[in-house]
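Some notes on the structure that comes next.
The values are calculated or read from the model by the stated rules, or taken from the named source; none is laboratory data. Predicted model, so just to flag it, every value in this text is computed and none were measured. Reconstructed Cβ throughout: ideal geometry from the backbone, glycine too, with neighbour counts over all protein chains shown. Just so you know, the surface numbers come from the protein's heavy atoms only, side chains and all, with ligands and any DNA or RNA stripped out. Shrake-Rupley method; radii C 1.70, N 1.55, O 1.52, S 1.80 Å.
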Amino acid sequence: MEKINSVINLVQHLYSQKNPVIDWNEWVFNGHIKIVAEWVEKISKDHEFDTQAVLAAAYLHDLAYSFTSKNDPELDEKSETKAREVLKEANYSNDEIIFIVDKIIHGHGMHDGQKPELIEAQVLATADALAHFTSDFYLVICWNHYLFENKSLNDYKVWVLEKIERDMNKKILLEEYKSVAEPYYIGLKKMFSL
C-alpha cells in the first residue's frame, strides 16, 4: 500500500506543475486519471487481478500528458519512460516495473491491434474507456480545443464519433461493462451527430 501511495503522490505532484505545452493538468488528473483509478477499484470487486499493479498503471498510463500534448509523436514512449522513473522512485522492483509498464500500460493501448492477454491490461483498457464515457472527457476535449489547433467543430465531432466507437467496441474488454457505457455511448453519439 505504501508504494501505491508514493506513486499517487508523485503523479499528483507532476500534474500540479504547469504543462508548458497545454494548460490542462488539473483537469487531466482530477477529471480523468482519478476516474480511471476509481473504475479499477470498482472492477476489482467483480474480477480477480493484481489490483495494486493496475491502480499504479491507472495513475501512470497517460503520464506524458503532464508535460506535453496528445499530439506529441513520442507521447506513448514519453509516458512509459516517465512511468518507469516514477515506479523506480516509489521503490518498485524491476520485475514490477516491467509488469506495470510493458504488460499493463503498453498492453492496454492495444498497439498491435490485438486484445491484450493479461486481465490487468484488459481492466485498464476497460477502466480508461469507462472514464471517458462517465465523465466530461469528450466535452472538455472539444470545448477547450485540447487536441487540435485550428480545427472546426465538425473536425471535433468526427474525432469524438470515431473515439466513442473505439472505446465502446475495442477498449471495453470486460463485456459486462458495456451495459454501463451504453447509455453514455448512445447519448454522445446522438449529440455529436447533430
request  = Rounding to the nearest 20 debye, state how big the charge dipole of the stretch 1-118 is about its Cα centre with +1 on each Lys and Arg Cβ and -1 on each Asp and Glu Cβ.
outcome  = 260 debye
note = Extension length gain for Phe148 and Leu161 (0.36 nm per residue less Cα distance), in nm, is 3.1 nm
query = Among 144-154, 16-26, 168-178, how do they line up from the highest to the lowest mean number of other beta-carbon atoms within 10 Å?
reply = 168-178, 16-26, 144-154
message = From the protein chains alone at 1.4 Å, what is the descending order of accessible area for Thr51, Thr126, largest first?
response = Thr51, Thr126
query = Residues of the stretch 64-106 with amide nitrogen under 11 Å from the 7 Å Cα-to-Cβ point of His13?
reply = 86, 89-90
Identified option (computed log10 I(q)/I(0) by the Debye sum over Cα atoms at q = 0.11, 0.14 Å⁻¹; candidates [x] -0.81, -1.02; [y] -0.54, -0.83; [z] -0.47, -0.78) = [z]
inquiry  = Testing the spin-label approximation: label points 7 Å from Cα along Cα→Cβ at Ser179 and Asp136. State their distance in nm.
reply    = 3.0 nm
query = Which helices, counted as full DSSP H runs in the chain, have an axial Cα extent of no less than 18 Å and a Kyte-Doolittle average of 0.5 or above?
reply = 119-133
ask   = Given Cα pairs under 8 Å that are at least 6 residues apart, what percent is the relative contact order of the stretch 119-194?
value = 46 percent
Relative contact order of the chain, defined on C-alpha pairs under 8 angstrom at six or more residues apart (%) = 22 percent
query = Which entries of Lys78/Lys189; Lys34/Lys88; Lys88/Lys189 show an alpha-carbon separation above 30 angstrom in the structure shown?
reply = Lys78/Lys189; Lys88/Lys189
ask   = Want the number for His47 to Val21: 0.36 nm per residue separation, take away the alpha-carbon distance, what's left?
value = 5.5 nm
key: Dipole of the stretch 112-194 [Lys/Arg +1, Asp/Glu -1 at C-beta], most positive-end residue of Met191, Ile119, Tyr146   = Met191
query = Can you give the accessible area of Phe99, probe radius 1.4 Å, in Å² rounded to 10?
reply = 60 Å²
query = For the chain, what does -39500 (n - 2.57) per DSSP helix run (n ≥ 4), summed and divided by total residues, give at 222 nm, in deg cm²/dmol to the nearest 500?
reply = -17000 deg cm²/dmol
request  = Calculate the length of the line joining the C-alpha centroid of the stretch 8-75 to that of the stretch 129-194, in whole Å.
outcome  = 18 Å
request  = At 1.4 Å probe size, with every protein chain present, just tell me what the per residue accessible area of the stretch 1-103 comes to in Å².
outcome  = 52 Å²
task = Describe numerically, in nm with one decimal, the distance between label points set 7 Å from Cα along Cα→Cβ at Asn169 and at Ser93.
result = 4.2 nm
